[in-house]
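Heads up: the structure comes next, in structure tokens.
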Amino acid sequence: MKDIKEIDLKKIKSPGGSLSFFEKGKDIDFDIKRVYYIYEFCQENRRGFHAHKDLKQVMWCPHGAIEIDFTDGKETIKYILNDPTKIIVVNKGYWREFVSLKENSILCVGASDVYSEDDYIRDYNKYLEWVEENYEKDTV
Ligand code: TYD
């Protein structure tokens, strides 16, 4: 799954606290047109269960710990976001599921486009068909 990157950001410490940042051209290759965040997680329930046909995203967890499982239909990779200096940059086309591992966790997402339900694939079997139609073998 070459199009998912985990990046460790710099942490700039000062007496007043710490600061991290990411930038287009260095860490991400798209403009962010929308930011959303998921909070008040119910720890028992997984979320996600979808893929995006075109959307690129950057994800970070400013507080708490979130597990995100990505799959391309063949392989699954598990990421843990548990530090504000970590980001995950994910290209289009990956099925994802996620769950909060700690109370009061927050998941922030910067997305390459505004919200469109048409960009979602929410049925796993349809996702597998979509992968088959849209990607050559082993290129996702
Ligand atoms: P969804 O992306 O399915 O959330 P998750 O992946 O966490 O399960 O979105 C949940 C609901 O919120 C769904 O009805 C669509 C809506 N929504 C918006 O209206 N705008 C947005 O930017 C997002 C991300 C979701």
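The values are calculated or read from the model by the stated rules, or taken from the named source; none is laboratory data. Quantities reported herein were computed from a predicted structural model and do not represent experimental measurements. In this analysis, Cβ positions are derived from the backbone assuming ideal geometry, glycine residues included, and neighbour counts consider all displayed protein chains. Heads up: the accessible areas ignore ligands, DNA and RNA and are worked out on the full protein's heavy atoms, side chains in. Shrake-Rupley method; radii C 1.70, N 1.55, O 1.52, S 1.80 Å.
Observations
- The angle separating the long axis of helix 124-134 from the principal Cα axis of greatest extent in the chain is about 80 degrees.
- Of all accessible heavy-atom area on region 4-134, the percent that carbon and sulfur account for (1.4 Å): 47 percent
- Dipole magnitude of the chain, debye to nearest 20 (Cβ charges: Lys/Arg +1, Asp/Glu -1, about Cα centre): 620 debye
- Accessible surface ranking that places the most exposed of S18, S105 first, with a 1.4 angstrom probe: S18, S105
- With N as its number of residues, region 23-140 has a Cα radius of gyration that, divided by 2.2 N^0.38 Å, comes to 1.05.
- From the C-alpha gyration tensor of region 49-88, square roots of 5λ in Å: 20, 13, 8
- Put simply, the amide H of S105, placed in the peptide plane, has neighbours under 5 Å in F41, A65, leaving out anything fewer than 5 places away on its chain.
- Global geometry of region 69-116, whether rounded, prolate or oblate, following the gyration tensor of its Cα atoms and the 1.5 cut on a/c: oblate
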